[in-house]
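Coordinate-derived values only; no laboratory data. Not measured: the values here are computed from a predicted model. Please note: Cβ atoms are built from the backbone with ideal geometry, for glycine as well, and neighbour counts cover all protein chains shown.
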Amino acid sequence: MRQPTSWWVAVAVASLPGAPLFAQSVTSDMLQKAAASSDWLMYGHNYWNNRYSPLTQITAANVKSLVAKYVLQSGVERLGSFETTPVVVNGVMYVTTPLSAGSPPRRAGSS
């Protein structure tokens with residue numbers, strides 16, 4: 001059974017601070033060192049596709065207290081009709097949808 005995954009996109013977007021809305025370059029060196037990086041530069045996080053993040057802010061002890069702070073309205077009408085892997089470069093998250101690609105807009109008052 002296929003589960004909608006939009007909740008984790010909302011959590012991931014919510015965890016990022018406000019950032020500029022312009023594309024950033026990813027270098028070969030960044031890709032080689034992706035496994036130790038807090039950025040998520042490619043599908044699976046790194047060339048080994050281990051989907052492991054070295055970040056420690058979310059733990060087994062505090063995961064149950066997470067709440068969505070931001071929900072990306074994708075423009076896709078049917079919930080769960082697409083899945084995507086967000087890419088994070090220098091703290092800026094880029095998301096693709098069937099209709100667009102880019103960084104979610106910053107809202108007034110967001111940090």
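Using a cut-off of 14 Å between beta-carbons, work out the net charge of the residues near PRO86 (Lys and Arg +1, Asp and Glu -1, PRO86 not included).
-1
In whole Hz, with x marking every Gly and Pro, tabulate ³J(HN,Hα) for region 69-76 from phi via Karplus 6.51 cos²θ - 1.76 cosθ + 1.60, θ = phi - 60°.
10, 8, 10, 7, 7, 7, x, 7
Whole-Hz Karplus ³J(HN,Hα) for region 32-49, in order, using 6.51 cos²θ - 1.76 cosθ + 1.60 and θ = phi - 60°, x for Gly and Pro?
Each residue's phi maps through the Karplus curve to give 5, 9, 4, 4, 9, 8, 7, 7, 10, 7, 7, 4, x, 6, 8, 4, 8, 6 Hz.
Taking the Cβ-Cβ separation of ASN49 and GLN24 as r and a Förster radius of 35 Å, what is the calculated FRET efficiency to the nearest 0.05? Show your work: numbers first, answer last.
On the way: r = 22 Å, r/R0 = 0.64.
In this case the efficiency is close to 0.95.
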